[in-house]
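Student: What follows is a single structure, and I will ask about it in a moment.
Bear in mind these aren't lab numbers, they're just calculated from the coordinates by the rules spelled out. Owing to the predicted nature of the structure, the values given are computational and were not obtained by experimental measurement. Heads up, the Cβs are rebuilt from the backbone with ideal geometry, glycines too, and the neighbour counts pull from every protein chain shown.
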Amino acid sequence: MENVSVSVKDLSLSFGAVTVLDTLNLDIKDGEFLVLLGSSGCGKSTLLNCIAGLLDVSDGQIFIKNKNVTWEEPKDRGIGMVFQSYALYPQMSVEKNLSFGLKVAKVEKAEIDKRVSRAAEILQIQPLLKRKPAELSGGQRQRVAIGRALVRDVDVFLFDEPLSNLDAKLRSELRVEIKRLHQSLKNTMIYVTHDQIEALTLADRIAVMKSGVIQQLADPMTIYNAPENLFVAGFIGSPSMNFFRGELQLKDGRAFVHANGVDFDVSAYPSRGPFKSGQKVVLGVRPEHVRVDEALSGQASHQAVVDIEEPMGADNLLWLKLAGQSMSVRIAGQRRYKPGTEVTLSFDMAAASIFDAVSENRL
Amino acid sequence: MPEIVAFNTIAAGIEPEVEKVQARATQVGPRGRKPRRALSGRNIMIYGTLIVVALYYLLPLYVMVMTSLKGMPEIRLGNIFAPPLEITFEPWVKAWSSACTGLNCDGLSRGFWNSVRITVPSTIVSIAIASVNGYALANWRFKGADLFFTILIVGAFIPYQVMIYPIVIVLRELGVYGSLTGLIIVHTIFGMPILTLLFRNYFAGLPEELFKAARVDGAGFWTIYFRIMLPMSMPIFVVAMILQVTGIWNDFLFGVVFTRPEYYPMTVQLNNIVNSVQGVKEYNVNMAATILTGAVPLIVYFVSGRLFVRGIAAGAVKG
Amino acid sequence: MAGHTRGSGRPNQWLRNLNAKLASIPMILTAVVIFLGGTVWTVVYSFTNSRLLPRLSFVGLDQYERLWAAPRWLISVQNLVIYGFFSLIFSLAIGFLLAALMDQKIRFENTFRTIMLYPFALSFIVTGLVWQWLLNPEYGIQSVVRSLGWTSFAFDPLYNSNIVIYGILIAALWQGTGLVMCLMLAGLRGIDEDIWKATRVDGIPMWKTYLLVIIPMMRGVFITTLVIIASGIVKVYDLVVAQTSGGPGIASEVPAKYVYDYMFQAQNLGQGFAASTMMLVTVAIIIVPWAYLEFGGGRKRA
């Protein structure tokens, strides 16, 4: 197993009576790209700031490269950080922005020049070195901000929603660049975002957070395909997973979820333990795991009515009414349906998720 | 949430050997909040400086109150920082009702009521006019409006001394020179730049859709002002009021220039009492009179708190 | 013009937005008649030999020559320069220092701010009289220090023509630094929190951060504050009247007082107008470059 790069042990943080993080544990491997994902106020940025040393923790410990840095100043932790608002020093040129910290740390002139030109080369900002931040575009500013972390020659990079202030096109471009940067540098990167696309595309592992607690920590595919609880299932994916609240029933060696008067055959579901008859559950099926007018072997079919159609080019999103409940299905773009059309659905239960209705955990 | 916490530990997926290494570190290394001494050098410096500064700011107020509560013999003997041995309210009574200004001997009460008679209508008139001005500038722009507004704002920087005499002439022509009306007009004029700016910026900050929706509903200039803008703008009216009440109450120059002695505001009266060359100086009466004059703006300040700061910041930063 | 040809339904250009125009009459009158007209009037009459009443008999630059030959005016100007220089330096320095201290996430911030700002709510007259009392050599600070044993201690600025202007400066700073502190604090609070974080990650010491990063970022706040202080300095009048009435002798005279005295007491309007025009020129020297920097470069409102 690789070495652990950053390790968070029993971390708690509270501001007065408000607990933001509660005994949180997290280990990040050397060279790993870890994304902290969650909606605003879930504690993901707080966690990042604790790792950076910008916030004092209430309890617990933080290790970076097996060194206990809980009480260390940010500059002594071996981290570089990139901020959402870039936080470039506005009156300094790009070059000075990159070298300022090194100069204050009394690094040799030749070494500074070497590091600055290397960072400028990696990020392709050599032509901008003499400019002031105000003369740069948002994307260029963010590159300079990354450069400032780069010149510090550190093991761990921390990104605090670095792309949130950019428009959609730039965001996807820089996303690719950050991924490329990670592939060539192989540093540990911890990346905070509320954007699930960023999380899914960039991460080696994603930690989905809610109310200061990590809900699931896994690789993107596991997070997407096998969400650990109802929150993760609902948070990841757009449009959202379809949920059917109902009751488990075991009949003739087969398992059903009885919801809204419909029996969903879930025998194909790879459950972790034996089903209990009568258990209240939530059945979750992603829009792309439902077939329209196309039988799936071994799966029962259900009748539904098309409510609204949302063509999106490559895909076509159908909003259907199934036994009075609204649900969405993703089909190929060229297949079109008129509202009111009756269709036959079959569910790919092997790819579905079932959660306990009370504990909301995956079964 | 015991399940989730338990799950959390599993999900963190610690390799056994790594766990051992870190379990050891856990025992030795720093943990939890970084210890900070409450009396660190940094804190001593910060709070020390701030406390010394605060004392410096409070000192004059303290001395004023102490002096005003002493009798004259005690003032001649003791030092100004010492609290009174024998508290007397006589200086206050005298300052209010019988101190002499050189013209008359009925104390500050006359000035107080003059100031009230000046401040109340001046505040109301200046705010009424400036708020409508600001509203017109923000929502009903007409050609040339910005030009007049620019002149108005630039004019705010012109020393009053430059414009005093022409105003005297205008007021004399209107037949209101020396009267309360004249002074109210002067306060309205000189309050206009800052108030108009204040209201213009505030109204411009309100969602424009609201204004558009009202127009689509058929509301006109005054209906929108009274029914929509006014009810939404109470905070800024309070800020403007604070600004005007303290500003007009504290005015001295306009009071001297534009009123006859019988209408002199409190500040002028106070100055005449204290700096009157006649008679023996009664410092306790002077200080009581000074506190009385400062009391109104001080009360406004302490009651309004943050709004006052907002008012001066709006006035100062943009002014 | 074009409106008439387009059809009868279009209302007269002048009647459009009529209510707004009517409502703006007070502003237009103030701006044009008082501010613009009054200023021009004063400047024009400063070239006349008006004495008790304004008269349009031009005498060229006579009033200005007389003004700059008058010892009282020269002392006024000298006082204003000293007072202005030190009050700028000290209010900016003290104001910023206090704001920086207040920005250290301290407790009782509101209490400290309330205390530092309350003098600003007071009238200059009140401030002047309080400090007149505190600086009274017989009973004030000087006598208290002397009674502690330092019998030769001398601190009587208001009675010493050489340093009287510093006595006024003390009172002015007491009243005004709170405001500067508030403006600076607002400026500090306006700085992106991430900048502070970035400097901590970069390991920049706090004083260096202030000096090399924060202060340059607050350039706008500094300039605005400077303009506010400066235009206040030129207007200084009440404080001097209350504290010293210009004395001892004419040692603490200031231009604003010169204007008032010549207009309304010496009945030499021409001198008053010339002196006030000089004040206007001073303000223009301060304001115009600032306005040019701030609003110049074709900033147009849509």
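Student: Rounded to the nearest 0.05, what FRET efficiency do residue C:154 and residue A:184 give with R0 = 56 Å and r taken as the Cβ-Cβ distance? Could you check?
Tutor: For R0 = 56 Å, the calculated efficiency reads 0.15.
Student: How much FRET efficiency would the formula 1/(1 + (r/R0)^6) give for residue C:86 and residue A:118, where r is the Cβ-Cβ distance and R0 is 56 Å, rounded to 0.05?
Tutor: Working: r = 51 Å, r/R0 = 0.90.
After rounding, the FRET efficiency stands at 0.65.
Student: Now for a separate question. Report the equivalent ellipsoid semi-axes for the range C:239-283 in whole Å, largest first, defined as the square roots of five times the eigenvalues of the gyration tensor built from alpha carbon atoms.
Tutor: 19, 13, 7
Student: Turning to a different aspect of this structure: Considering the Cα positions of the range A:62-114, please state its Rg to one decimal place and its Dmax as a whole number of Å.
Tutor: Taking only Cα atoms of the range A:62-114, I get Rg and Dmax of 13.6, 38 Å.
Student: Stick to Cα atoms and the Kirkwood definition of Rh, then tell me Rg/Rh for the range B:192-319.
Tutor: Here the Rg-to-Rh quotient is 1.16.
Student: For chain B, what is the mean residue ellipticity at 222 nm derived from helices alone (per DSSP H run of n ≥ 4: -39500 (n - 2.57); sum divided by total residues; nearest 500 deg cm²/dmol)? Mind showing how you got there, number by number?
Tutor: Values: 15 runs with 225 residues, N = 319.
It lands at -23000 deg cm²/dmol.
Student: Let me ask something else about it. From the residues A:221, A:5, B:163, which one has its Cα farthest along the dipole of the protein assembly as shown in the positive direction, the dipole being from +1 and -1 charges on Cβ of Lys/Arg and Asp/Glu about the Cα centre?
Tutor: B:163
Student: Still on this structure: Specify which residue in the list C:130, C:170, C:186 is farthest towards the positive end of the charge dipole of the range C:62-295, using unit charges on the beta carbon of Lys, Arg (+1) and Asp, Glu (-1), about the Cα centre.
Tutor: Value computed over the given set: C:186.
Student: Moving on. I need the calculated FRET efficiency for the pair residue C:107 and residue A:294, taking r as the beta carbon distance and R₀ as 41 Å, to the nearest 0.05.
Tutor: 0.05
Student: Also: Roughly how many Å is it from the Cα centre of the range A:290-363 to that of the range B:121-140, as a whole number?
Tutor: Result: 61 Å between the Cα centres.
Student: How large is the Kirkwood hydrodynamic radius of the range C:43-149, counting all unique pairs of alpha carbons, in Å?
Tutor: With all distinct Cα pairs of the range C:43-149 included, I get 19.0 Å.
Student: Would you mind telling me which residue in A:199, A:295, A:110 has the biggest mean-square fluctuation in a Gaussian network model of chain A, where springs connect alpha carbons within a distance under 10 angstrom?
Tutor: Top of the fluctuation ranking is A:110.
Student: Sticking with this structure for a sec: Remind me, what semi-axes does chain C give for its equivalent ellipsoid, largest first in whole Å, using sqrt of 5 times each Cα gyration tensor eigenvalue?
Tutor: Working: eigenvalues 322, 253, 59 Å².
Ellipsoid semi-axes (Å, largest first): 40, 36, 17.
Student: Can you tell me the equivalent ellipsoid semi-axes for the range B:72-137? Use √(5λ) from the Cα gyration tensor, largest first, whole Å.
Tutor: Numbers: eigenvalues 343, 58, 16 Å².
With the √(5λ) rule applied to the range B:72-137, the semi-axes are 41, 17, 9 Å.
Student: Over all distinct Cα pairs, what is the inverse of the mean 1/r for the range B:144-187, reported as the Kirkwood hydrodynamic radius in Å?
Tutor: Roughly 11.6 Å, rounded to one decimal.
Student: Hey, what's the Cα Rg ratio for chain B versus the globular rule of thumb, 2.2 N^0.38 Å?
Tutor: Cα-based Rg divided by the globular estimate yields 1.51.
Student: With only Lys, Arg, Asp and Glu charged, each at its Cβ (+1 for the first two, -1 for the last two), find how big the charge dipole of the range C:120-199 is about the Cα centre; round to the nearest 20 debye.
Tutor: Numbers: 3 positive and 5 negative charges, 26 e Å.
The calculated dipole for the range C:120-199 is roughly 120 debye.
Student: I've got another one for you. Of the options B:57, B:134, A:41, report the single residue whose Cα projects farthest towards the positive end of the charge dipole of the protein assembly as shown (beta-carbon charges: Lys, Arg +1; Asp, Glu -1).
Tutor: Positive-end residue among those listed: B:134.
Student: Tell me the net charge near residue C:135. Cut-off is 15 Å between Cβ atoms, residue C:135 excluded, with +1 for each Lys or Arg and -1 for each Asp or Glu. Kindly include the intermediate steps, with their values, before the conclusion.
Tutor: Values: positive: B:281, C:146; negative: C:138, C:156.
In short, 0.
Student: To continue, here is another question. In the protein assembly as shown, which cysteines lack any other cysteine Cβ under 4.7 Å from their own?
Tutor: For the protein assembly as shown, the answer is A:42, A:50, C:182, because their Cβ atoms have no other cysteine Cβ under 4.7 Å.
Student: In Å, the Kirkwood hydrodynamic radius of the protein assembly as shown over pairs of distinct alpha carbons?
Tutor: 34.3
Student: Where does the range B:134-274 land on Rg(C-alpha)/(2.2 N^0.38 Å)?
Tutor: Computed over Cα atoms of the range B:134-274, the ratio equals 1.27.
Student: Taking the radius of gyration and the Kirkwood hydrodynamic radius from Cα positions alone, what is the Rg/Rh ratio for the range A:4-235, to two decimal places?
Tutor: Radius of gyration relative to Kirkwood radius: 0.97.
Student: Highest first, please rank the peptides C:198-211, A:26-39 by the mean number of other Cβ atoms sitting within 10 Å of their residues.
Tutor: Working: C:198-211: 18.6, A:26-39: 22.0.
Ranking the peptides C:198-211, A:26-39 by packing returns A:26-39, C:198-211.
Student: If one computes the Cα centroid of the range C:116-135 and of the range A:212-258, what distance in Å separates the two points?
Tutor: Here the two parts' Cα centres lie 71 Å apart.
Student: Another question, if that's okay. Average partner chain C-beta neighbours within 10 Å, per residue of C:111-118? Can you show the working numbers first?
Tutor: Values: counts 2, 6, 4, 8, 9, 6, 6, 9.
Counting other chains' Cβ atoms within 10 Å and averaging over C:111-118 gives 6.
Student: Cβ under 12 Å from residue A:205's Cβ, residue A:205 left aside: what net charge do those residues give with Lys, Arg +1 and Asp, Glu -1?
Tutor: Net charge around residue A:205: -3.
Student: Right, here's the next one. Given +1 on the Cβ of Lys and Arg, -1 on the Cβ of Asp and Glu, and no further charges, what dipole in debye does the range A:236-338 carry about its Cα centre, rounded to the nearest 20?
Tutor: So the magnitude is around 240 debye.
Student: How large is ³J(HN,Hα), in whole Hz, for each residue of the range A:352-363 in order, when computed from phi with the Karplus curve 6.51 cos²θ - 1.76 cosθ + 1.60 and θ = phi - 60°, using x for Gly and Pro?
Tutor: 7, 10, 10, 10, 5, 5, 8, 7, 6, 8, 5, 9
Student: For chain C, what does the helix formula give at 222 nm: sum of -39500 (n - 2.57) over DSSP H segments with n ≥ 4, over the residue count, nearest 500 deg cm²/dmol?
Tutor: Mean residue ellipticity, 222 nm, calculated: -20000 deg cm²/dmol.
Student: How far is it, in nm, from the label point at residue B:280 to the one at residue A:168 when both lie 7 Å from their Cα along the line to the Cβ?
Tutor: The modelled label-to-label distance comes out at 8.8 nm.
Student: When the convex hull of the Cα atoms of the range A:177-333 is projected onto a plane and the area is averaged over all directions, what value comes out in nm²?
Tutor: On the way: hull surface 48.0 nm².
For the Cα atoms of the range A:177-333, the hull's average projected area reads 12.0 nm².
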